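The values are calculated or read from the model by the stated rules, or taken from the named source; none is laboratory data. What you see is a predicted model; the values in this text were computed from it and never measured. Please note: Cβ atoms are built from the backbone with ideal geometry, for glycine as well, and neighbour counts cover all protein chains shown.
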């Protein structure tokens, strides 16, 4: 299947996500950078270019995720997949504290936070500012 994503599909994915990154929950309207339509399961891993496999992502989350789909946590030899916006519920996997820090509530949440670097100090600071401003 082609990697080309039509404007109609791009618009549908963005609207479905409420114009928010489906991983870190940042708003596209507050970003200086254009958001991406990304393959949840990358094409190289057999993912298809279809609505159920596409997510709206900020460029930071998309670049950190790349084509990865899972990681190891701590010293465990168990591979943990990332948060899947079509299969998982954000609120079940993550919690946002009042200071902008994301807490993984499940192994999937922890794995996603780790690889997407969702608690990078700059991301925490941005979320904290937006929370204080009543925007996030």
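One residue is enough: does the range 35-43 have a residue meeting the conditions at pLDDT 95 or above, in a loop (DSSP other than H, G, I, E, B), under 25 Å from residue 133 (Cα atoms) and within 16 Å of the chain's Cα centre (by Cα)? Yes: one or more hits. Considering the range 60-136, the qualifying helices (runs of 4 or more DSSP H), each wholly inside and each with 2 or more residues that are within 25 Å of residue 42 (Cα to Cα), run over 90-93, 107-116. Residue count for the range 70-93 satisfying the condition of being under 14 Å from residue 117 (Cα atoms) and free of Cβ contacts under 8 Å to residues at least 60 places away in the same chain: 4. Can you say whether residue 52 is modelled with pLDDT of 95 or more, over 12 Å from the mean Cα position of the chain (by Cα), closer than 26 Å to residue 104 by Cβ and exposed (fewer than 14 other Cβ atoms within 10 Å of the Cβ), as far as the supplied structure shows? So residue 52 passes the test. Of the residues making up the range 114-126, those that are under 16 Å from residue 99 (Cα atoms) and in contact with a strand residue (DSSP E or B) (Cβ under 7 Å, 6 or more places away or on another chain) are 118, 119.
Just checking, does the range 37-54 include any residue being in contact with a helix residue (DSSP H, G or I) (Cβ under 7 Å, 6 or more places away or on another chain) and closer than 21 Å to residue 127 by Cα? No, the range 37-54 has no match at all.
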